[in-house]
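Some notes on the structure that comes next.
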Amino acid sequence: LSLPEMPAYLPAAFLAAEDRRFFQHDAVDFSGLLRAFRANWEAGRVVAGGSTISQQTTKLLTGDRARTYGRKWRELTATAALEKRFTKREILEIYLNHIYLGDGAHGVDAAARAYFGVSAREVTLAQAAMLAGLARAPSLQSPRRDPAGARARAHRVLAGMVETGAITREQA
């Protein structure tokens, strides 16, 4: 689907959940990387990621999942090239159409059909928030596997959308 075919709150939900500064930073969000590094250092394990939606899109398109510095370097280089070739809106559209959201669903339209029986064109705000909540761990946060956890994550996405000004507190 193209972005204009989606309700505006659907991409906004993913931005609130995954990369709030997407339209303000270049390929890499250095403040996001520092925030993630600090959170991981303090926790003594990986609890936060610093990848931008552009970096995640690169990973989706290349299929490279290795957890190595070499892969990360290749990803950064490819992400810079991606941002030179495509606009931010085009990258967001590619991301939303390729992201894996569990249950064999690649892209928001397939996921909306799998989980809610409707096209992504027709999802409600609550459904959009639940889809966005799947981005980090689609298998663990599936509404089929863990309905309460999926609802809790959706509530966090809605709160993030309020914080970013995408929706009002009343809409949330």
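As a summary of the residue check, residue 161 satisfies the conditions (1) loosely packed, with under 15 Cβ neighbours inside 10 Å; (2) within 15 Å of the chain's Cα centre (by Cα) except for the one numbered (1).
Quick grid of which residues meet (1) more than 18 Å from residue 109 (Cβ to Cβ); (2) at pLDDT below 70:
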{"residue": "8", "(1), (2)": "no, no"}
{"residue": "11", "(1), (2)": "no, no"}
{"residue": "24", "(1), (2)": "yes, no"}
{"residue": "40", "(1), (2)": "yes, yes"}
{"residue": "44", "(1), (2)": "yes, no"}
{"residue": "63", "(1), (2)": "yes, no"}
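Matching residues to (1) surrounded by 12 or more Cβ atoms within 10 Å (Cβ to Cβ); (2) more than 15 Å from residue 12 (Cα to Cα):
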| position | (1), (2) |
| --- | --- |
| 63 | no, yes |
| 69 | no, yes |
| 72 | yes, yes |
| 90 | yes, no |
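Counting only helices (runs of 4 or more DSSP H) that fall entirely inside region 81-162 and contain at least 2 residues that are out of contact with any helix residue (DSSP H, G or I) (no Cβ under 6 Å at 6 or more places or on another chain), the qualifying elements are 88-98, 108-116. Can you tell me which residue within region 128-147, out of those that are at pLDDT 95 or above and out of contact with any Leu (no Cβ under 9 Å at 6 or more places or on another chain), is most open to solvent (accessible area, probe 1.4 Å)? Here the residue is 130. Residue 124 meets the stated requirement of being modelled with pLDDT of 95 or more, open to solvent by 60 Å² or more (accessible area, probe 1.4 Å), more than 16 Å from residue 3 (Cβ to Cβ) and among the polar types (S, T, N, Q).
Anything in region 119-144 that is among the small types (Gly, Ala, Ser) and more than 19 Å from residue 170 (Cβ to Cβ)? List them, or say none. Once the filter is applied, which keeps residues that are among the small types (Gly, Ala, Ser) and more than 19 Å from residue 170 (Cβ to Cβ), region 119-144 yields 119, 120, 132, 133, 135, 137, 139, 142.
Look at residue 1 and say whether it is modelled with pLDDT of 95 or more, open to solvent by 30 Å² or more (accessible area, probe 1.4 Å) and within 27 Å of residue 125 (Cα to Cα). Answer is yes for this residue. The numbered conditions (1) more than 16 Å from the chain's Cα centre (by Cα); (2) β-branched (Val, Ile, Thr); (3) modelled with pLDDT of 70 or more are all true for residue 57 except (1).
The values are calculated or read from the model by the stated rules, or taken from the named source; none is laboratory data. Only a predicted model underlies this, so the values are computations on that prediction, with no experimental measurement involved. Reconstructed Cβ throughout: ideal geometry from the backbone, glycine too, with neighbour counts over all protein chains shown. Please note that ligands, DNA and RNA were not included when accessible areas were found on the heavy atoms of the full protein model with its side chains. Shrake-Rupley method; radii C 1.70, N 1.55, O 1.52, S 1.80 Å.
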